[in-house]
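The values are calculated or read from the model by the stated rules, or taken from the named source; none is laboratory data. If you're wondering where the values come from, they're calculated on a predicted model, not measured in any experiment. Here the Cβ is made from the backbone with ideal geometry for all residues, glycine too, and neighbour counts use every protein chain on show.
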Amino acid sequence: MATFSQLGISKDLIKGLKELDIHTPTEIQEETIPILMQMETDFIGQAQTGTGKTAAFGLPLLSNIDPKLDKIQGLILAPTRELCQQIAKQLFKFTKYTDKIFIESVFGGAQIDEQINRLRRPTHIVVATPGRLVDLLHKEALSLKDVKTVILDEADEMLSMGFKKELNEILDQTPKEKQIWLFSATMSSGVQQIIHTYLSRNAQKVIFKKKSLVNESIEHKYVICDAQQKLQVLLSFLNSQKDNRGLIFCNTKKAAQTLAKQLLSKNIKSDALEGDMKQKERDKVLRAFKNESIQILVATDVAARGIDVRDLSYVVHYQIPQDLEYFIHRAGRTGRAGKQGLSLCLIEDREQKNIRFLEKELKIRMQRIKD
């Protein structure tokens with residue numbers, strides 16, 4: 001197994017990694033970093049969430065930024081504000097011992113004037129959601145003419161959220177002489193179209209297609225219960241987990257809010273995270289979850305992407321998702337960085353066919369627990 005030093009990462013960046021307790025490259029980092037360090041190729045990486053993608057593209061990007069050049073040299077596009085914040089924060093931590101590299105994250109749901117003011121300061125890397133970046137480009141708040149590297153993170157999710165037009169507009173405003181590094185869990189027809197339109201035919205490809213599309217360190221279980229029994233079954237499960245922390249997913253914001261209140265009434269430290277919340281409220285809830293003043297977060301699928309909280313023991317699908325991709329990314333919040341995790345579905349009898357579908361499509365075995 002290679003070390004970060006052998007992969008070409010500088011001592012200053014390695015020092016920052018060690019402080020984050022990152023000592024050994026993951027599989028995707030080991031294969032990806034040497035290719036990207038050359039900065040001479042378009043790149044396609046297919047990997048599920050929780051494999052260490054941010055460091056895989058972030059370390060080569062940071063290594064090739066010129067801190068003395070006060071221009072935006074790197075652009076990272078991601079589907080959600082949470083993922084943008086997470087990427088920017090992680091890159092910032094990596095650079096603790098390097099020459100100062102300035103990173104700004106811009107996303108919808110926050111004051112655009114504040115973001116414009118921040119972009120007036122020296123900025124080397126911008127991490128953005130496509131919609132907000134287009135708004136900023138229309139206001140001429142930033143220029144992409146000096147960008148050398150564009151990274152599309154979770155490209156499949158950006159397209160599924162309807163950002164195709166914005167992605168095309170952004171990529172058309174970047175220089176022809178640049179690298180595009182595309183990362184995606186799945187290679188949908190939309191992702192293939194972007195690859196065909198914007199990436200070189202000689203783009204290098206690294207595919208981590210394991211036996212399962214979901215992380216193999218996750219154990220999958222399900223309980224069959226009536227709708228009226230669900231809360232009691234959940235409470236019994238949470239009781240068995242004691243001080244372990246986890247995420248509970250609902251399909252609607254109303255269901256998430258109701259369940260969070262029900263858990264609170266049982267003296268379980270919990271809160272809801274859903275799409276209609278204001279940015280300050282979302283940040284407050286996420287901060288409370290990360291600093292462990294909240295033990296359980298009840299979320300809609302808006303939170304399935306971009307939340308990276310260490311050592312989550314389990315994910316509960318209080319309502320089974322309608323979309324296969326949502327299941328993959330929900331489950332991917334646990335079992336990260338080589339640790340074991342549990343994904344538990346609470347289903348009604350009529351939903352057993354969904355379990356068979358998930359098993360077949362994801363090549364996983366789901367164990368039934370008798371309630």
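Every residue, every condition in (1) assigned to a loop (DSSP other than H, G, I, E, B); (2) closer than 25 Å to Pro34 by Cα; (3) free of Cβ contacts under 8 Å to residues at least 12 places away in the same chain, yes or no:
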position: Lys176; (1), (2), (3): yes, yes, yes
position: Leu182; (1), (2), (3): no, yes, no
position: Gln193; (1), (2), (3): no, no, yes
position: His196; (1), (2), (3): no, yes, yes
position: Val214; (1), (2), (3): yes, no, no
position: Val233; (1), (2), (3): no, no, no
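Exactly one residue out of Ser265, Ser236, Ser270 is among the polar types (S, T, N, Q) and within 26 Å of Gln367 (Cα to Cα), and it is Ser236. Might you let me know whether segment 122-129 holds any residue that is more than 30 Å from Glu30 (Cβ to Cβ) and either in a helix (DSSP H, G or I) or in the same structural domain as Thr51 (by TED's automatic domain parsing) (or both)? Checked segment 122-129: at least one residue is more than 30 Å from Glu30 (Cβ to Cβ) and either in a helix (DSSP H, G or I) or in the same structural domain as Thr51 (by TED's automatic domain parsing) (or both). Candidates in segment 109-135 are the residues that are surrounded by fewer than 20 Cβ atoms within 10 Å (Cβ to Cβ) and small (Gly, Ala, Ser); of these, the one that is farthest from Thr80 (Cα to Cα) is Ala110. Within segment 169-204, track down each residue that is surrounded by 15 or more Cβ atoms within 10 Å (Cβ to Cβ), β-branched (Val, Ile, Thr) and farther than 23 Å from Ile125 by Cα. Result: Thr186, Val191.
Looking only at segment 159-168, decide whether some residue is closer than 21 Å to Pro79 by Cβ, within 21 Å of the chain's Cα centre (by Cα), crowded, with 19+ Cβ neighbours inside 10 Å and among the hydroxyl-bearing types (Ser, Thr, Tyr). Within segment 159-168, not a single residue is closer than 21 Å to Pro79 by Cβ, within 21 Å of the chain's Cα centre (by Cα), crowded, with 19+ Cβ neighbours inside 10 Å and among the hydroxyl-bearing types (Ser, Thr, Tyr).
Applying the criterion of being out of contact with any helix residue (DSSP H, G or I) (no Cβ under 7 Å at 6 or more places or on another chain) and either polar (S, T, N, Q) or assigned to a loop (DSSP other than H, G, I, E, B) (or both) to the residues of segment 68-79, the residue that is farthest from Leu142 (Cα to Cα) is Lys68. Among the residues of segment 80-100, those that are under 23 Å from Tyr326 (Cβ atoms) and either surrounded by fewer than 24 Cβ atoms within 10 Å (Cβ to Cβ) or of a type in the set (Lys, Arg) (or both) comprise Thr80, Arg81, Glu82, Gln85, Gln86.
Within segment 51-67, is there a residue that is part of a strand (DSSP E or B) and crowded, with 17+ Cβ neighbours inside 10 Å? The answer is no, given that none of the residues of segment 51-67 is part of a strand (DSSP E or B) and crowded, with 17+ Cβ neighbours inside 10 Å. Those strands (runs of 3 or more DSSP E) of segment 253-365 in which 1 or more residues are within 22 Å of Gln241 (Cα to Cα) and among the small types (Gly, Ala, Ser) occupy 270-273, 296-299, 341-347.
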